[in-house]
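As structure tokens, the structure follows; a few thoughts come after it.
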Amino acid sequence: MTGLASAFRVLAAAAATLLAVTAAAPTAQARPEPKAPEEFVALSSVDPTIIQEMRYPTAHNFMGVPVDGYRKPLCILTRPAARALHDAQTRLLRRGYSLKVYDCYRPQRAVDHFVRWAKDLDDETMKGEFYPRVDKTRLFADGYIAEKSGHSRGSTVDLTLVKLPAAPTPPYRPGSPQVSCYAPAAERFPDNSVDMGTGFDCFDTLSHTDDPRIQGTQRANRQFLKKTLTDAGFVNLAEEWWHYTFKPELFPDTYFDFPVTQRSVAGH
């Protein structure tokens with residue numbers, strides 16, 4: 001009996017040890033998510049009137065899948081950039097327009113996702129809409145994809161203009177027929193923005209802000225957006241009519257990786 005009791009004690013001790021290790025394992029492996037510095041805010045807390053159509057938490061983007069790090073359709077920016085957008089919005093509302101943002105702060109993990117996708121030459125799911133004239137082998141060389149993005153520093157935003165009252169944007173349906181991003185506005189995805197000559201994230205030289213082929217109303221719309229944001233302290237990226245960075249940047253050399261979620265800026 002003594003030997004049997006001893007054996008039971010050994011088994012019980014082993015079971016207790018295994019249970020303790022199993023229970024502790026997730027805690028030991030889990031790492032707390034990084035949070036945004038206090039200087040970051042949700043744009044809606046500064047200006048709730050700016051329309052948000054955040055593309056990267058959805059499948060309607062050049063990869064065709066939700067992007068890593070975007071857990072909520074939420075625009076996060078440094079506070080000075082958000083306040084500058086508010087100033088621009090205030091002037092636009094008086095003229096019957098609103099800003100609409102497509103992307104704001106972008107986690108480094110999202111940029112890493114872009115890079116992995118760009119290296120997978122077999123994945124051309126969204127080529128018909130976003131890069132019909134660009135060979136995927138050229139995405140890095142032509143500057144469409146890079147291993148770092150100014151968006152990760154928190155003061156860069158992708159945006160457009162919407163004439164008020166804003167028409168509803170139909171929901172994107174994955175697998176629907178693709179129309180090139182530089183097709184006439186009446187043919188491409190029915191975004192409710194003014195006609196800028198191409199859609200957002202169009203990998204094509206027609207997206208260059210001052211491309212001479214863009215004329216008439218399309219050119220006027222681009223210049224209206226550019227002047228409005230330049231007056232508010234933003235600088236345009238010449239290759240993308242939608243891309244603006246507020247200057248001076250609070251974090252010119254820091255690439256953040258906290259996820260896009262309300263929790264990242266809670267209490268700010």
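Each value in this text was obtained by applying a stated rule to the coordinates, not by laboratory testing. Because the structure is predicted, anything quoted here is derived from the model rather than measured. Cβ placement follows ideal geometry from the backbone for every residue including glycine, while neighbour counts extend to all protein chains displayed.
Just a yes or no: is a residue in segment 177-184 crowded, with 17+ Cβ neighbours inside 10 Å and hydroxyl-bearing (Ser, Thr, Tyr)? The answer is yes; a qualifying residue exists. If you filter segment 193-213 down to residues that are polar (S, T, N, Q) and surrounded by 17 or more Cβ atoms within 10 Å (Cβ to Cβ), you find that the one that is farthest from Arg133 (Cα to Cα) is Ser193.
Taken together, Thr78, Thr90 contain a single residue that is out of contact with any Lys or Arg (no Cβ under 9 Å at 6 or more places or on another chain), β-branched (Val, Ile, Thr) and farther than 16 Å from Ile145 by Cβ, which is Thr90. Quick check, is Thr217 in contact (Cβ under 8 Å) with a residue 40 or more places away in the chain and among the hydroxyl-bearing types (Ser, Thr, Tyr)? So Thr217 fails the test. A search for C-beta distances below 6 Å between a residue of segment 113-140 that is without any contact (Cβ under 8 Å) to a residue 40 or more places away in the chain and any residue that is among the hydrophobic types (A, V, I, L, M, F, W, C) and part of a loop (DSSP other than H, G, I, E, B), counting only pairs 6+ apart in sequence or on different chains, returns Ala118/Leu139; Ala118/Ile145; Lys136/Leu121. Quick check: anything in segment 42-50 hydroxyl-bearing (Ser, Thr, Tyr) and more than 12 Å from Cys104 (Cβ to Cβ)? Yes - at least one qualifying residue is present in segment 42-50. In segment 142-160, the qualifying residues are those that are in contact with a Lys or Arg (Cβ under 7 Å, 6 or more places away or on another chain) and not in a loop (DSSP other than H, G, I, E, B), and the one that is surrounded by the fewest Cβ atoms within 10 Å (Cβ to Cβ) is Ser152.
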